[in-house]
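Please read the structure below before turning to the comments.
Since every read-out is calculated from the coordinates, none of them should be taken as a lab result. Since this is a predicted model, take the numbers as computed values, not measurements. Note: ideal-geometry Cβ built from the backbone for every residue, glycine included; neighbour counts use all protein chains shown.
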Amino acid sequence: KAKETGRGKAYAYVPELDAERKQIATLEGQLRQALARDEIKPVFQPLVSTSTQRICGVEALARWQTETGSVAPDVFIPLAERSGMIDELGMKILASSICAAAQWGTLGLSVNISPIQLCNPNFVEGVVALLEKEKFDARRLTLEITEGVLISNPDQARRAITSLKTYGIKFALDDFGCGFASIGALRQFGFDRMKLDRSLVWGLDDSGSGSGVLSATIALATALKIPVTAEGIETERQAEALGLAGCDQLQGYLVGRPMGAEELEVLILRDRQAA
Ligand code: C2E
Ligand code: MG
Ligand code: MG
Ligand code: MG
């Protein structure tokens, strides 16, 4: 039965494919326009220390609000990558995140970087120039990258990482545990932090080997002196388990959703008063 539908598709779906292509082209045009109008903006999600329970940093996440609704980063980031807009989009997000975070004392700032940006020969220079212009302490900045680029362009990735690290910028390996990256890669490329993918965190809730794999992974990273952030923490139970397993930072809806700068500032104030 599946085969029948599969074969039928090649004929019956051509007009729809065409429509899909048109839709993507339209979306690409809208993204180009939104970018030119500075309508792609970051929101910020708090990172909380498991030992102090206080906010120790934020992750910037890009948002695109159109007249008809919001488009998810999982849609517009790949689109920007395919259509040559990611370098500009990425630098704009980095610039506006740095401007906002400049008001937040010594709070750490994490920004996601696309593999395409990291492999762009002008990237290092661009980031350094931006930090200088904004007088932003490089040691406050962490760049988050996913493992794909370590496999597709290991030499370029290593070069960019090594040179940005000399300025004091830190690197986090994002979404660890949902792909092929090994713990060894953390060390080889000089990562300062591992971010456990939420699929791994959620594996805790299934019966079976999930929690064993999780605690072994955290223990290995810790043995290499690489601190671990757990992503996607939604329940008290997860927060407690991940803290006990050795994560020094938690991120997730339980501790705070991604939010605008003003809302975050209120949270930071409250957090400091509670100390
Ligand atoms: P990421 O870097 O792994 O970011 C974490 C994602 O998990 C964010 O999704 C965040 O909203 C979501 N999240 C956080 N806590 C929870 C939770 O407790 N439960 C659930 N279900 N989700 C949670 P978002 O904002 O949709 O971003 C998706 C991905 O898009 C990011 O994953 C990142 O890979 C990419 N992205 C976002 N902004 C940028 C950017 O400025 N540049 C680049 N290159 N990529 C970006
Ligand atoms: Mg990230
Ligand atoms: Mg992640
Ligand atoms: Mg992700």
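Quick notes
- Across the options Leu264, Leu200, Gly179, the greatest Cα extent toward the positive end of the charge dipole of region 125-266 (unit charges at beta carbon of Lys, Arg, Asp, Glu) belongs to Gly179.
- Where trypsin sites (Lys or Arg not before Pro) fall in DSSP loop in region 195-275, at most 13 other Cβ within 10 Å: Lys225
- Counting every other Cβ atom within 10 Å of each residue's Cβ, Asp174, Asp271 order from fewest to most as Asp271, Asp174.
- The Cα atoms of region 142-275 define a convex hull whose projected area, averaged across directions, is 9.4 nm².
- Chain lengthening between Glu67 and Glu88 when straightened (0.36 nm per residue, less Cα-Cα): 5.3 nm
- Dipole magnitude for region 22-83: computed about the Cα centre from +1 point charges on Lys and Arg Cβ and -1 point charges on Asp and Glu Cβ, it is near 40 debye.
- Helical mean residue ellipticity (222 nm; -39500 (n - 2.57) per DSSP H run of 4+; nearest 500) of the chain: -15500 deg cm²/dmol
- Stretching Lys135 away from Ser152 to a fully extended chain increases their span by 2.8 nm, per 0.36 nm per residue minus the current alpha-carbon distance.
- Separation of alpha-carbon centers, region 94-114 and region 154-212, rounded to whole Å: 20
- Three-way shape label, region 51-140, alpha-carbon gyration tensor, a/c 1.5: oblate
- Computed Rg/Rh of region 87-132, alpha carbon atoms with Kirkwood Rh: 0.97
- Beta bridges by DSSP in the chain, antiparallel share as percent, to the nearest 5: 45
- Counting 0.36 nm for each residue step from Ala19 to Ala274 and taking away their Cα separation leaves a gain of 86.4 nm.
- For the chain, the average shadow cast by the Cα convex hull is 17.7 nm², which is a quarter of the hull's surface.
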